[in-house]
Amino acid sequence: MMYSEKLMDYFKNPKFAREIKNPSAVAEEGNIKCGDIFKIFLKIKNNKIKDISYLTYGCIAAIAASESFCRIVKGKTIEEAKKVSYEDIKNDLGDVPAIKLHCTHMVIKTFKKAIENYENKN
């Protein structure tokens with residue numbers, strides 16, 4: 001399985017793999033088929049994503065997709081972040097094997113669940 005240099009860099013040198021204390025929102029999603037678990041933490045202020053982080057347990061692609069998503073959406077408004085697609089993550093990462101594309105979908109699904117939790121709370 002071939003991964004791009006950028007994907008491997010995100011996997012080896014993550015900047016967003018941590019827990020945020022007192023997050024505005026949190027969500028967790030799992031994929032039964034492959035065993036990956038995605039957990040996203042959000043700090044939201046004035047409708048903007050001030051901070052975002054993840055704790056992902058899974059394969060290289062799952063961790064790199066989580067990292068890519070955080071890098072893309074940090075600083076964006078909630079509405080802008082909701083528009084980020086799996087293609088945006090795929091384009092950011094470079095080569096993602098087709099069998100691993102579900103990871104890009106899972107991170108977005110987890111993010112949308114976190115936003116839903118946030119909106120229901122506020």
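For a protection proxy built on the mean count of beta-carbon atoms within 10 angstrom, sort 100-107, 33-40 highest first, please.
Working: 100-107: 22.1, 33-40: 18.2.
Highest-to-lowest ranking by the protection proxy: 100-107, 33-40.
Listed by Cβ neighbour count within 10 Å, with the fewest neighbours leading, Ser4, Ser53 appear as Ser4, Ser53.
Can you list the lysines whose alpha carbon is less than 17 Å from that of Lys48, not counting same-chain residues fewer than 8 positions off? Those lysines meeting the cut-off are Lys74, Lys76, Lys82, Lys83, Lys112, Lys113, Lys121.
Could you calculate, for the range 5-121, the ratio of the Cα radius of gyration to the Kirkwood radius, expressed as Rg to Rh? Rounded to two decimals, Rg over Rh is 0.94. Can you grab the distance from the C-alpha centre of the range 103-119 to the C-alpha centre of the range 42-64, Å, no decimals? The range 103-119 and the range 42-64 have Cα centres separated by 10 Å.
For an R0 of 22 angstrom, estimate the FRET efficiency from the Cβ-Cβ distance between Asp9 and Lys121 and round to the nearest 0.05. Show your work: numbers first, answer last.
Details: r = 35 Å, r/R0 = 1.59.
Once the sixth-power term is evaluated, E becomes 0.05.
Multiplying the residue separation of Asn22 and Ser85 by 0.36 nm and removing their Cα-Cα distance gives an extension gain of 20.0 nm.
Within the chain, which whole H helices from DSSP have a Cα span along their axis of at least 15 Å and a mean Kyte-Doolittle hydropathy of 0.5 or more, if any?
On the way: long enough: 60-73 (20 Å, 1.47); 102-121 (28 Å, -0.82).
Span-like helices here: 60-73.
Computed from phi, the 3J(HN,Hα) profile of the range 19-28 under the Karplus parametrisation 6.51, -1.76, 1.60 (θ = phi - 60°) reads 9, 9, 6, 6, x, 6, 7, 8, 8, 9 Hz, with x in place of Gly and Pro.
When DSSP beta bridges are restricted to pairs lying wholly in the range 5-121, around 95% turn out antiparallel.
Only helices enter the 222 nm calculation for the chain: every DSSP H run of n ≥ 4 contributes -39,500 (n - 2.57), and dividing by all residues gives -13500 deg cm²/dmol, rounded to 500.
3J(HN,Hα) couplings calculated from phi for the range 32-48 with the Karplus curve 6.51 cos²θ - 1.76 cosθ + 1.60 (θ = phi - 60°) are, in sequence order, 4, 4, 10, x, 6, 10, 10, 10, 10, 10, 10, 10, 10, 9, 6, 6, 10 Hz; Gly and Pro show x.
Read-outs throughout are calculated quantities, based only on the coordinates presented, and are distinct from any laboratory measurement. Everything numeric here is computed off the predicted structure, so don't read it as measured data. As a convention, Cβ positions derive from the backbone with ideal geometry for all residues, glycine included, and neighbour counts pool all protein chains shown.
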